[in-house]
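Since the structure comes first, as structure tokens, the remarks are kept for the end.
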Amino acid sequence: MKILVINCGSSSLKYQLFDMENEDVLVQGLVERIGIEGSRLVQKKDGDKYIIEEPMANHTEAVGHVFDALVDSENGVIESLDEIDAVGHRFVHGGEKATKSALINDEVKAIIEDSAKFAPLHNPANLMGLKACEELLPNVPNVAVFDTAFHQTMPAKTYLYGIDYKYYEEDGIRKYGFHGTSHNYITNRAAELLEKPLEETNIISAHLGNGSSITAVKEGKSFDTTMGLTPLEGLVMGTRSGDLDPAVVTYIEEKDGVSPSDMNNILNKQSGVLGVSGVSSDFRDLEDAAKEGNERAKFALDMFATRAKRYIAGYMAEIEKVDAIVFTGGIGENSIEMREDILKGFEQFGIKIDPEKNNVRGGEHVISTDDSKVKIMVIATNEELMIARDTKNLVK
Ligand code: ADP
């Protein structure tokens, strides 16, 4: 069975074609600048790159080029589009009704459209990818995999905000959580590596990348997570502020006459470690700048570590018994120093990172000392594979 996984952004599209026989990635690619001058598709196979540079006015045209690339006689990996058995799509927000992945039908589309009020940039972009596939591959089933679904097991005490209950009842304002596909993958993989049944596995999953979130997983299910109604809550991120006193927002809006949509842009695009450091949102740049003595880059990294530490410690108390703390995402998998900084202070609870074992990037490793009370692990995440697996299970 061959499954195409599509992850659409507002002007970009990432894809991977899986052969589910042995879960091999046959090919992967990225389309950028959809609807903007300079549209470009780059497909990678065994280290070779195939590039298409042609105008792509919308997602349907972009998906059309993806299909051309997949069946290209020289650079493609399939002979005909008939070989694609199903398409799995990443959707950012599924609200309260999307509790798991689903075969696309009118009801699921209505859920996605309704949830777009909380993900106005993402859900419509994700839908454009779906519409393109429905148009160009009318006989192939489509599956929606939601970033929020894994977190629908959170109890009310962790998902409610401390505001008038009517906002929850009338408008659905609550914590939904994101990166669910990644936290779900990490939970499953950690359970396998720990050799524990999933329903007995308690972990703290730290997905640290451009966007970052930490999830407390109790008995294999999401119990609490740092992102909220939108991905803005929680950790200090590349360009997102994470938690702050809501009065900061109203103060800036009033003082500078900033509109809600501009404020949204400030908090999502111009804040986080980029805003604090004034250097970059990229942790490699920040680590370099900090080494050269840039004070603000150092603050930014320290703030990131401090908040991650605060959440990990809090979540450990929330779920009471923890089997492992797992790092994933670009920073979690690669930043040796950040992992060490985050876990500084946990030694007093018998949780100890082993500096030598921690000297790894990517892959799957236990990086704690043999006598550490809680295992510390690095597990490279694989959201696309999780989407492909869910898609396979739903169309089988
Ligand atoms: P996204 O959320 O866009 O998927 P990623 O998970 O790819 O992001 O993470 C991107 C982040 O990972 C960037 O801040 C990048 O600097 C960081 N990163 C990647 N490699 C390293 C490394 N070797 N050391 C430190 N940070 C790294």
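The values are calculated or read from the model by the stated rules, or taken from the named source; none is laboratory data. As the structure is a computational prediction, the values presented were derived from the model and not from experiment. Glycine gets a Cβ as well: all are built from the backbone with ideal geometry, and neighbour counts include every protein chain shown.
Summed over the stretch 191-207, residues that are of a type in the set (Ser, Thr, Tyr) and more than 16 Å from the ligand (Cβ to nearest atom) total 1. State whether one or more residues within the stretch 190-200 are in a helix (DSSP H, G or I), surrounded by 24 or more Cβ atoms within 10 Å (Cβ to Cβ) and over 11 Å from the mean Cα position of the chain (by Cα). Yes: one or more hits. Picking from residues in the stretch 208-228 that are within 15 Å of the chain's Cα centre (by Cα) and among the aliphatic types (A, V, I, L, M), the one that is farthest from the ligand (Cβ to nearest atom) is ILE214. Could you say which residue among ALA116, ALA144, ALA156 is touching a residue at least 24 places away in the same chain (Cβ under 8 Å) and either touching a Phe, Trp or Tyr at 6+ places or on another chain (Cβ under 7 Å) or among the small types (Gly, Ala, Ser) (or both)? ALA144 is the lone residue from the list that is touching a residue at least 24 places away in the same chain (Cβ under 8 Å) and either touching a Phe, Trp or Tyr at 6+ places or on another chain (Cβ under 7 Å) or among the small types (Gly, Ala, Ser) (or both).
Taking every residue in the stretch 78-100 that is farther than 18 Å from ASP171 by Cα and free of Cβ contacts under 8 Å to residues at least 12 places away in the same chain and pairing it with any residue that is surrounded by fewer than 23 Cβ atoms within 10 Å (Cβ to Cβ) and small (Gly, Ala, Ser), at least 6 positions away or on another chain, the pairs with Cβ-Cβ distances below 9 Å are GLU79/SER73. Taking interchain pairs and intrachain pairs at least six residues apart, which have beta carbon atoms under 8 angstrom, with the first residue in the stretch 276-288 and over 10 Å from LEU301 (Cβ atoms) and of a type in the set (Val, Ile, Thr) and the second modelled with pLDDT of 95 or more and not in a helix (DSSP H, G or I)? Filtered contacts from the stretch 276-288: VAL279/ASN294. The single condition among (1) surrounded by 14 or more Cβ atoms within 10 Å (Cβ to Cβ); (2) within 16 Å of the ligand (Cβ to nearest atom) that ILE351 does not satisfy is (2). Does VAL63 count as more than 19 Å from ASN142 (Cα to Cα) and either at pLDDT 95 or above or outside any helix (DSSP H, G or I) (or both)? No, not satisfied. From the list ALA388, ALA380, the lone residue that is surrounded by fewer than 22 Cβ atoms within 10 Å (Cβ to Cβ), within 22 Å of the chain's Cα centre (by Cα) and closer than 26 Å to GLN16 by Cα is ALA380.
The set of residues from the stretch 301-334 being part of a helix (DSSP H, G or I), in contact with a Phe, Trp or Tyr (Cβ under 9 Å, 6 or more places away or on another chain) and within 16 Å of the ligand (Cβ to nearest atom) comprises LEU301, PHE304, GLY330, ILE331, GLU333, ASN334. Taking helices (runs of 4 or more DSSP H) that fall entirely within the stretch 238-300, which contain at least 2 residues that are of a type outside the set (Ser, Thr, Tyr) and away from the ligand (no atom under 15 Å from the Cβ)? So the answer is 246-256, 260-269. Helices (runs of 4 or more DSSP H) fully within the stretch 96-168 that include at least 2 residues being within 23 Å of LEU385 (Cα to Cα): 106-115, 122-136.
The number of residues in the stretch 10-46 being of a type in the set (D, E, K, R), touching a helix residue (DSSP H, G or I) at 6+ places or on another chain (Cβ under 9 Å) and under 21 Å from LYS131 (Cα atoms) comes to 1.
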